[in-house]
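Peer 1: Structure incoming, see below.
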Protein chains: 2
Amino acid sequence: MPEYRSQLRASDAEAVEHLVAATGFFNAEEVGIARELVDETLHRGAASGYQFLFAENDGALSGYSSFGRIPGTQSNWDLYWIVVHPACQGQGLGRKLLQASEQAVQCQGGDSLWIETSSRPLYAPTRAFYLACGYALAAQFEDFYAAGDAKCMYRRRLALD
Amino acid sequence: MPEYRSQLRASDAEAVEHLVAATGFFNAEEVGIARELVDETLHRGAASGYQFLFAENDGALSGYSSFGRIPGTQSNWDLYWIVVHPACQGQGLGRKLLQASEQAVQCQGGDSLWIETSSRPLYAPTRAFYLACGYALAAQFEDFYAAGDAKCMYRRRLALD
């Protein structure tokens, strides 16, 4: 069983970079952004606006999520990242990370969590996962990430459950 | 006639803060975010991802816009801020700033510009302005900024003109 941790450590920056790259889902720019969120939070603390949840097996990172309140909103939050290592997929870890993230958001007064993903076929299991977890497609923006690659925006209203 | 400038100066941080506050449209958190974009770009340069366009009359800031490529996209850009000083409103300066921003985006390969604003009655002239400038409402997210306060997302496909 994985152990969960929300406190950030200096070693998380490299661990997150390796984890995100290992999935094969993200390009170099995206991997850099994932690491940057950790670096910025190590540097600035809670002022970064990013919060994290790490799942570890015997000290090795098996998955993580990152989320934060959307600036300018009272109670809408973004899920920035949710990633499970390929070797740990298919065991319900993603769902547990998502539920624990939702709980952390609710405990801080958040009542909506937003997730964005791509319309590309590669992300079909990802989109199915969000729908299965209670998220609704709020909007789809065509030709967003690139020509033919739309942004799909999912929302779950946590307070309605 | 105002003069336009895209190069950032150290004095812009305070000038932007004063300008944004002077409109009465933005709360303290929003004013802080507006200034933060300038501070971060003064500190990090182009790596911040924020670009600016300043309109000045006799060296005094009469309006400005800020925009940048949306990370993870090839050619979609966000307009983060467009603000005109109350004393300079009604002279077409907002439209000129917006058009000049669109031109700067297109010159860098951008083909869509996005703008977000609130559904509150206070912003009815703002929303009408975006529609008049060729933007279409791409989505509206209810209860986003606060209960009863939706986020309206406008998009203009620059390449289609």
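Peer 1: Using a 7 Å offset from Cα along the direction of the beta-carbon, what are the separations from B:TYR4 to the same position in each other copy, nm, ascending?
Peer 2: From this label point to the equivalent ones elsewhere in the assembly: 5.1 nm.
Peer 1: Excluding B:ARG120 itself, calculate the net charge of residues whose Cβ lies under 15 Å from the Cβ of B:ARG120, where each Lys or Arg counts +1 and each Asp or Glu counts -1. The partial results should precede the final answer.
Peer 2: Values: positive: B:ARG127, B:LYS151; negative: B:GLU30, B:GLU116, B:GLU142, B:ASP143, B:ASP149.
Here the charged neighbours net out to -3.
Peer 1: Within 10 Å, count the other beta carbons around each residue, average over each peptide in B:51-62, B:125-136, and list them highest first. Let's see the in-between values first.
Peer 2: On the way: B:51-62: 17.5, B:125-136: 14.8.
Highest-to-lowest ranking by the protection proxy: B:51-62, B:125-136.
Peer 1: Sticking with this structure for a sec: So what is the relative contact order for region B:3-113, in percent, with contacts set as C-alpha pairs under 8 Å and at least six apart? List each step's numbers first, then the result.
Peer 2: On the way: 166 pairs, mean separation 26.4, N = 111.
Relative contact order of region B:3-113: 24 percent.
Peer 1: May I pose another question? Between beta-carbons, use under 14 Å as the cut-off and find the net charge around B:ILE82, counting Lys and Arg +1, Asp and Glu -1. Show your work: numbers first, answer last.
Peer 2: Details: positive: B:ARG95, B:LYS96, B:ARG127, B:ARG156; negative: B:GLU30, B:ASP78, B:GLU102, B:GLU116.
Neighbour charge sum, excluding B:ILE82 itself: 0.
Peer 1: Aspartates and glutamates within cross-link reach of B:LYS151: Cα-Cα under 13 Å, excluding same-chain residues under 8 positions apart?
Peer 2: Within reach: B:GLU116, B:GLU142, B:ASP143.
Peer 1: Hey, how many Å between the Cα centroid of region B:1-74 and the Cα centroid of region A:41-101?
Peer 2: Going from one Cα centre to the other spans 31 Å.
Peer 1: Averaged over A:134-143, how many beta carbons belonging to a partner chain fall within 10 Å of each residue's beta carbon?
Peer 2: For this peptide, the per-residue mean of nearby foreign Cβ atoms is 3.
Peer 1: Under the rule of -39500 (n - 2.57) per DSSP H run of 4 or more residues, summed and divided by the residues of the protein assembly as shown, what mean residue ellipticity at 222 nm is obtained, to the nearest 500 deg cm²/dmol? Intermediate results must be reported in sequence, preceding the final value.
Peer 2: Values: 8 runs with 104 residues, N = 322.
For the protein assembly as shown, the value works out to -10000 deg cm²/dmol.
Peer 1: Based solely on C-alpha atoms, express the radius of gyration and the Dmax of region A:3-160 in angstrom.
Peer 2: Cα radius of gyration and Dmax of region A:3-160 are 15.0, 43 Å respectively.
Peer 1: Peptide A:146-159: average number of partner chain Cβ atoms within 10 Å per residue?
Peer 2: Details: counts 5, 3, 0, 2, 0, 4, 0, 3, 0, 4, 0, 2, 0, 1.
The per-residue average across the peptide is 2.
Peer 1: Still on this model: Note down the net charge around A:ASP58, summing +1 for each Lys or Arg and -1 for each Asp or Glu among other residues with Cβ under 14 Å from its Cβ.
Peer 2: On the way: positive: A:ARG5; negative: A:GLU3, A:GLU56.
That works out to -1.
Readers should treat all values here as calculations from the given coordinates under stated rules, not as data from a laboratory. Please read all numbers here as calculations on a predicted model, not as lab measurements. Cβ sites come from the backbone with ideal geometry, for glycine too, and all protein chains shown count toward neighbours.
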